[in-house]
Each structure stands twice: as structure tokens, then as C-alpha cells.
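The values are calculated or read from the model by the stated rules, or taken from the named source; none is laboratory data. Computed from a prediction, not measured in an experiment: that's the story for all the values here. Every residue, glycine as well, gets a Cβ built from its backbone with ideal geometry; the counts of neighbours run over all protein chains shown. Note: accessible area is taken over every heavy atom of the protein model, side chains too, but ligands, DNA and RNA are not part of it. Shrake-Rupley method; radii C 1.70, N 1.55, O 1.52, S 1.80 Å.
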Amino acid sequence: MKPSAAIISLVLFLSGVTAQAATAASPEEEKIEDSLFAGGGNMDLNITSTAFEEGGMIPRKYTCDGADVSPPLAWTGVPEGAKTIALISDDPDAPMGTWVHWVLFNLPATEKALPEAVPPDKELKHGAKQGRNDFRRIGYGGPCPPGGTHRYFFKLYALDAVLNLPAGATKAELLKAMEGHILAQGQLMGKYRR
């Protein structure tokens, strides 16, 4: 007898919750991130996407229900003295705590955008490195909420240093490495509902 679609869906859902419980950001990590946004650098980077507006719905293409590719992002306001850009994308509405969707760092500060569908490579052609998300993969993992409407933040940081981190670093490792190096920051928030 074949298992029903409902049973398979339930098993997949429960597996996702278990994985979240194991890897979701700790309160300590969230406190570090909050302090970075509260006091580290000015909130003067302006981030936009041609795929969605601030507070708007993220198209299915950029989620686990679609092609699951990263959306195009562009920014302005990188200050003089910035050497690199870092990006963290996460979902604070996940059931077991903040869920990390993307970690990217050491993008040269001269870059002003990321194209759609950044490949899931540890190191990108311009030298940027990608970290491990909470799906336990390198690169971008799109919105995939178990239910309801969730918010997805794309947080950008202009840094005065090239970070000494290996590809595959976690959000927590990136946050710690960025301490004292943030010149400017900004964020773009989109929503997704299944």
C-alpha cells in the first residue's frame, strides 16, 4: 500500500520543524544582531528589488514553491571607506525562532547589486563567499513557511574590512565577525504566504 499524500506532507512538515528546532538562531545570536542594527553604523543603505517592493509579497518564483532562486537586489548609499558588503536574509516568524535563508559576505563594496539566481557556490566570481543557511545548504534558500504569512528580511551591511571567515560560515559566525566593522546598514522586507 502506498502512503497517502497527506501522510507524506505531514512527515515532511514535521521534519522541517525538527530541523528548525535544531538550527534556528539562538536568543544570544538574535541579541548580537539586534545590537548591530541598533548601534553599529547608520541605517543609510537603501535596498531595493525589481521583484517586490518594501513590505510587498515575494513572488512564488523566489520560494520553495517555485524555482527557489534568489531575487535580484540592488542598493545605494555605500559609504567611502567600505571594503566589503555582507548580506543576511532571515525569517523571524518561523515557529521555532528566526530561520536563516541566506548568508553572503566579502562582496566587494564596489558592487551595487546581486542578480537574480545567484548560484549556490561557496565562492562567487567576484570573490564573495556564501555561508550555510538553516536548510543546511550553501547559498540562498527561499521562503517556505509551514503556514500563514511570514516576513523575510534582506539585511545589508557595508563593512570596513574583508572578513577572515571561510565559505560555509553561519549567520552567528558572520555576526560575530562583523562586530566593530559596520559603516552602514539597511534592509528590505518582503512577505510570503503558502
Next on the checklist: I want to confirm something. Restricting to the range 46-61 and keeping residues that are in a loop (DSSP other than H, G, I, E, B) and within 15 Å of the chain's Cα centre (by Cα), which single residue is farthest from Val100 (Cα to Cα)?
Outcome noted: Ser49
Item to check | Selected residue [without any contact (Cβ under 8 Å) to a residue 12 or more places away in the chain and not charged (D, E, K, R)] from Thr110, Thr149, Thr98 | outcome: Thr110
Checklist entry - Could you count how many residues in the range 54-100 are of a type in the set (Asp, Glu) and open to solvent by less than 20 Å² (accessible area, probe 1.4 Å)? => result 2
Next on the checklist: For the range 62-139, give me every one of the strands (runs of 3 or more DSSP E) that falls completely inside it and has 2 or more residues that are within 12 Å of the chain's Cα centre (by Cα) and within 19 Å of Ser49 (Cα to Cα).
Outcome noted: 84-91, 99-108
Checklist entry - Within the set of pairs 6 or more residues apart or between chains, which connect a residue that is on the phi > 0 side of the Ramachandran plot inside the range 75-94 to a residue that is surrounded by fewer than 22 Cβ atoms within 10 Å (Cβ to Cβ) with Cβ atoms less than 6 Å apart? => result Gly77/Asp44; Gly77/Asn46; Gly81/Asp160
Item to check | Cβ-Cβ under 7 Å pairs, at least 6 apart or on other chains, the range 157-172 side closer than 19 Å to Asp90 by Cβ, far side hydroxyl-bearing (Ser, Thr, Tyr) | outcome: Leu159/Thr84; Leu163/Thr84
Next on the checklist: Looking at the range 37-51, can you tell me whether even one residue there is over 16 Å from Ile182 (Cβ atoms), of a type in the set (Gly, Ala, Ser) and modelled with pLDDT of 95 or more?
Outcome noted: yes
Checklist outcome for this item: From the option list Ala82, Ala86, Ala74, single residue qualifying as in contact with an Asp or Glu (Cβ under 9 Å, 6 or more places away or on another chain), modelled with pLDDT of 95 or more and within 19 Å of Ala158 (Cα to Cα) is Ala82
